[in-house]
Ligand SMILES: [Fe+2]
């Protein structure tokens, strides 16, 4: 599909687009393995060794099966400032598909999503498996999955995504928020969904730009790929922050204890529901898996968040039917 660069310039700004494309064109992988992420060469070899071990048939087969066992989790959160018309509003939150690395996931997710009930669907980035190279296939797979979604669908880009994916995805019914916002109205009341470009690798998030022209006192939900901009969310008056990126560890020790998560965000914001300096948020464990498509002690998830209006903020939120998180 022809890339509409004029449209991208108009929406992101020419400097931001040029910055992102320039970084995309640079050796993203060498940056990942360079001095900023892996300080010692020996760590690189440890990484390769771990990868080889995880790719051994026994570990891989079971881990791959785990990675396709997608759970539907649910939260219910109360807010004192939620407009009345949005009491009970349900958001289907999907993150980190990396679907071109695990093509069976399309069928699994289609089957799971079809019977669900929700009012809005949001994707918090990482549609592509790799961080370089072809972007057509992950964009096409996202469009295929969109066919199973019966509500308006908004999305942001992650650190694995190329900005060139936007044209195909938008033609297929996924509206990207590129440092932009969308106002949702119900009975004359408004909810603002803010969406920023990747804050992790590209550091291309511009919340100020996303806020521009939005109704100032409206309830605000932020979509960002990672939980790394809580300080900006606080300054912007964000009420609920939805993100992913960490995969909740993807390969964890028993008890969902992650061995490693790549995020500069606060430690307690790396998975599930959290509260940080007055901002509440949810970091999805992700629907897919990256690097090696396996999971251990960390099931993939899609989440339905139900928003409730209440005179008092309650101190709990439900996770599905069996888990409760003190919040
Ligand atoms: Fe990811």
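Derivation of every value follows stated rules applied to the coordinates shown; laboratory data play no part. For clarity, every value in this text was computed on a predicted model and none was experimentally measured. Glycine gets a Cβ as well: all are built from the backbone with ideal geometry, and neighbour counts include every protein chain shown.
Listed from fewest to most Cβ neighbours within 10 Å, the set 242, 177 follows the order 177, 242. Each peptide in 125-136, 266-277, 13-24 gets a packing score, the mean of other Cβ atoms within 10 Å over its residues, and the list from highest to lowest is 125-136, 266-277, 13-24. Fewest neighbouring Cβ atoms within 10 Å first, the residues 283, 78 line up as 78, 283. Here the scattering of the chain is modelled by Debye summation over its C-alpha atoms, one equal scatterer each and no solvent; at q = 0.09, 0.12, 0.15 Å⁻¹ the log10 of I(q)/I(0) is -0.44, -0.80, -1.30. Counting neighbouring Cβ atoms within 10 Å and putting the fewest first, the residues 260, 123, 79 line up as 260, 79, 123. Using just its DSSP H runs of length 4 or more, each adding -39500 (n - 2.57), the chain gives a mean residue ellipticity at 222 nm of -7500 deg cm²/dmol after division by all residues.
Between 118, 60, 282, the Gaussian network model of the chain with springs among Cα atoms under 10 angstrom shows the greatest mean-square fluctuation at 60.
Once you reduce the stretch 47-99 and the stretch 151-204 to the center of their Cα atoms, the two points are 19 Å from each other. Of all DSSP beta bridges confined to the chain, the antiparallel ones make up roughly 40%. Normalised by the number of residues in the stretch 73-204, the mean separation of alpha-carbon contacts (under 8 Å, six or more apart) gives a relative contact order of 22 percent.
For the stretch 121-142 versus the stretch 230-303, the inter-centroid distance based on Cα atoms is 19 Å.
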